[in-house]
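Read the figures in this text as sums done on the coordinates, not as results from a lab. Only a predicted model underlies this, so the values are computations on that prediction, with no experimental measurement involved. All Cβ positions, even for glycine, are placed from backbone atoms using ideal geometry, and neighbour counts span all protein chains on display.
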Amino acid sequence: MGNLKTGHLVEAGLWLLLALVLFIYSFEFNNSIEIYKFGASGWPRAIILLIVLAALGQLFWHWKRGEGGATSKLNAAADDSVEAPDDHSSLGWYAHTFVLVAIPFVYMRVPDFIGGMMGLPPDGLGTIKMLTAAPLMVLFAWMAYRNQVGGMLALPIFFAALLEDMGFYALAPVFAMGVMYLMGERRIKWMAGVAAGVFGILLLLFVKLLYVGLPTGNVRPFYDFGNWVVTVLQ
Amino acid sequence: MDAFNNFANGTVALFSDPLGIVIFLSGVVGGMLFGAIPGVSMLTLAAILLPFTAHLSAEHGIMLFSVIYCTGVYGGAITAILFNIPGSPENAPTAFDGYPMTQKGQAGRAVGAAVMCSAIGGTVSAVLMMLATAPIADWAISAFGPPEIFALVFFGLAVAASVGAKTIWKGWLSILAGLMIAVVGLDPVGGIERYDFNMPYLLAGIHFIPTILGFFAVSEIMVQAEKKVTGAYSAPKLSVDFPSFSELWAHKFAVVRSIIIGFFCGILPGIGATLAAFMGYNEAVRWSKERWEFGKGKLEGVISSETANNAATGAAMIPLLALGLPGGALTAMMVGVFQMHDMEPGPLVFLNSADLVWVVFAAMFFANLSILLIGFLETKTIINLLRIPFQFLAPLILMLATVGAYAVRGLVIDVVVMFVAGVLGFFLRRTGYSVAGIVLGLILGKIGEQTFAQAMQMLHYEWTGYFSRPIGLALLIAGFLTLGASAYRAFYAAPVEAPPEESKSA
């Protein structure tokens, strides 16, 4: 096995798997183009081939050199990688974090799915969306409380997933307080003050001065609240 | 003398137009502020402003972006020095010595050196740009076709892949991942949908602005958050003591060397200013008698890197204006500004709209000069940002990023893409991959594929056609040599141990 560790094999395996999946999907657009000999799939397939070569080259290199270190001083200088702390690199931590990151995607899929089964139009999903969001939020809060870094990774995605429906104006202050909590802040007055200040600056700068339209949401009462804020400011 | 007269006309045009002055000053201050506030960058500002340039004239729009470019590259040095968060990849080497200086309580000296050197490097570069762009544009019209541009993109990516990450493998895989992301959407020749997985969003391709915001701003916040939670985060010490003139004079050779390196690297596509900063830094280490002091807080490290990256700003405008080839994310956005005004950047803009070009050149010259003045005045304000605890800064940065990503096209899914990219960036950086490499691949992927297709059609699918095109051939050979040399080094040279941990992490 030379100097290979399990991590090296997993890394190479992931790249090869990615290459395989991309290669299989490339048949979906394997059309020829009259004026261009290589067609639409020639370029991506060349890149896939290079990915395979580089992944195998890296595996071979690790086999010869072990962990290896940087390949030159310039590489070492350009390297901006971060060491993972020990208690955040266990399999359990990754699994827990993966579930946290998956929660927003559950929200993005489930209401449409339920609505489809019940034959509801896409704009009549408000209640189902709220009923899906509430338990997911509780689950998220419970899990993030136990894994703050995982929560910090997943919270912005959850925020973005809810943005379309609940709007920037209602969510942003809550999001700001959540970020502060996950970063270790516990003083309620400070959190509320900073959230209000940040929110105020953003509203003044973007809504009042630059007229950037931020998402108002499309589920009542969030939609009404968002529109009310915009009307007051403009 | 022609150039001088044109420059004088451009200056008069710039400062006799009240709206132009307002835009110029907003660009100077805005670029510096957004460059300096950790977690946002000049790209955030440029992204937010991009939709609004439709209401400005083409001249004002391009001028605004070029001014933001000059002062933003300097502003990014401030965060690199104070927070170890490079405002953009071109400021990364500034952090190698700048941040250790902050930890030693010498933040003011480092920032002062960055102010002086950015202004010097940028101003000299602007002058060289004015002298060089017109002849190069003239020459490019006859000498540069798609085969040459493809070869140039290939060479740029080869260099970036070889030196951009911890190992050449990780560098290549990062670039290739970026190229693969660029494939998503419509293919550039036949308009065929690729990897859209039946999602309408993916048809338009994955936009580079949310990706950049995610990889650079969001993943950095997450890295800092982890340090904060695990107790590894340490707030920097403060001081405001600018370096003396004699201290800078002692480094005059480093400045001149970095200007030359920076300017020639800046002309390269894709990595211009980034490569410039790294090369400037690396050469400083190589030429130094005290090379082991680098990475521990040596002023010369900051000087070399900051001179070189600002020297690249002017140079980066040459391929954009002379060849229509953006050298980086910001110049790519300038292409967007041109397109909003129904113009294509390239040699023809230079010939047809000389007025526009010279106002932009004059604005860049004066923007670099104003770094000196405003840099010294504003830096103290910015240093006060250090006193804000990071958990209070993080929500502001994340929400600015949200607005920036959303403002590009008004799509919430762009915000989702940005945060997912942030999480990916967080894990990729744990394993030594380069997020800068991915973004480069993403930006140059489309141009690379398009010029490759055109080149192949022109050469009738015969690689041997390059033998009758010496410039393209030379660039291709240079690219392959770069790759070959770094692969050889990976196997046969002694590995380099990573610098000590305290110089790398916040």
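Using label points projected 7 Å from each Cα along Cα→Cβ, tell me how many nm separate A:GLU34 and A:LEU209, to one decimal.
For the pair A:GLU34/A:LEU209, the computed spacing is 5.4 nm.
Determine the alpha carbon to alpha carbon distance for each of A:LYS64/B:LYS289; A:LYS5/B:LYS104; A:LYS189/B:LYS227; B:LYS166/B:LYS296; B:LYS104/B:LYS228; B:LYS166/B:LYS228 and list only those over 27 Å.
Numbers: A:LYS64/B:LYS289 34 Å; A:LYS5/B:LYS104 38 Å; A:LYS189/B:LYS227 24 Å; B:LYS166/B:LYS296 19 Å; B:LYS104/B:LYS228 20 Å; B:LYS166/B:LYS228 25 Å.
Violating the 27 Å limit, Cα to Cα: A:LYS64/B:LYS289; A:LYS5/B:LYS104.
With angles folded into 0 to 90 degrees, how steeply does helix A:91-118 sit against the dominant principal axis of chain A? Use alpha carbons for both and round to 10.
The helix A:91-118 is inclined about 60 degrees to chain A.
Just tell me how shielded A:176-184 is by partners: mean number of partner chain Cβ atoms within 10 Å of each residue's Cβ, no decimals.
Across A:176-184, the average partner-chain Cβ count within 10 Å equals 6.
Listing A:GLU185, B:GLU220 from the residue with the fewest other Cβ atoms within 10 Å to the one with the most, what is the order?
A:GLU185, B:GLU220
Students often check this: by mean Cβ neighbours within 10 Å, which of B:313-323, A:91-101 ranks highest, and how do the rest follow?
Per-residue mean Cβ counts within 10 Å order the peptides as B:313-323, A:91-101.
Please compute the alpha carbon radius of gyration of the protein assembly as shown, then divide it by the globular-protein estimate 2.2 N^0.38 Å. Two decimals is fine.
Output field value: 0.92.
For the stretch B:2-490, calculate the relative contact order in percent as a whole number, restricting contacts to Cα pairs under 8 Å that are 6 or more residues apart.
30
Once every Cα of the stretch A:6-71 carries one equal point scatterer and solvent is ignored, give the base-10 log of I(q)/I(0) from the Debye formula at q = 0.28, 0.29 Å⁻¹, two decimals.
Here the Debye-derived log intensity ratios amount to -1.15, -1.19.
Along Cα→Cβ, 7 Å out, is where each label goes; now give me the distance between the ones at A:ARG109 and B:GLU462 in nm to one decimal.
Roughly 5.3 nm, to one decimal.
Could you give the DSSP H helices of chain B that reach 24 angstrom or more along their long axis (alpha carbon positions) and whose average Kyte-Doolittle hydropathy is no lower than -0.5?
Values: long enough: B:18-36 (27 Å, 1.99); B:58-83 (36 Å, 1.40); B:107-143 (49 Å, 1.35); B:146-163 (26 Å, 1.80); B:299-318 (30 Å, 0.51); B:354-384 (42 Å, 1.56); B:390-409 (30 Å, 1.54); B:412-430 (28 Å, 1.90); B:435-458 (34 Å, 1.05); B:470-492 (32 Å, 1.36).
Once both thresholds are applied, what remains is B:18-36, B:58-83, B:107-143, B:146-163, B:299-318, B:354-384, B:390-409, B:412-430, B:435-458, B:470-492.
Among B:LEU49, B:LEU459, which comes first, then next, by fewest other beta-carbon atoms within 10 Å? Provide the component values of the computation, followed by the final result.
Values: B:LEU49 23, B:LEU459 18.
Starting with the residue having the fewest Cβ neighbours, the order is B:LEU459, B:LEU49.
Only Lys, Arg, Asp and Glu count, each charged at its Cβ (+1, +1, -1, -1), so figure out the dipole size of chain B about its Cα centre, rounded to 20 debye. Provide the component values of the computation, followed by the final result.
Details: 24 positive and 29 negative charges, 292 e Å.
Computed about the Cα centre, the dipole is about 1400 debye.
Rank these for me by crowding, A:ILE24, B:ILE397, going from fewest to most other beta carbons within 10 Å. Provide the component values of the computation, followed by the final result.
Working: A:ILE24 9, B:ILE397 23.
Fewest-to-most ranking of A:ILE24, B:ILE397: A:ILE24, B:ILE397.
P(r) for chain A, please, calculated from all Cα pair distances in 10 Å bins and given in %.
Distribution as computed: 6, 19, 22, 23, 21, 8, 1 percent.
Let me confirm one metric for peptide B:193-203, namely the mean number of other chain beta-carbon atoms within 10 Å of its residues' beta-carbons.
For this peptide, the per-residue mean of nearby foreign Cβ atoms is 2.
As a test of the formula, what do you get for chain B when each DSSP H run with n ≥ 4 contributes -39,500 (n - 2.57) and the sum is divided by the residue count, at 222 nm and rounded to the nearest 500 deg cm²/dmol? Don't skip to the answer; put the middle values down first.
Working: 23 runs with 366 residues, N = 506.
-24000 deg cm²/dmol, from helical runs alone.
Looking at chain B from every direction and averaging, what is the projected area of its Cα convex hull in nm²?
23.1
Counting only other chains, and only Cβ atoms inside 10 Å, what mean value do you get across the residues of A:156-168?
Taking the mean over all residues of the peptide, I get 5.
Please compute, over every Cα-Cα pair in the stretch B:77-190, the percentage with a separation greater than 18 angstrom. It would help to have the intermediate numbers written out before the result.
Values: 4525 of 6441 pairs.
Roughly 70 percent, rounded to a whole number.
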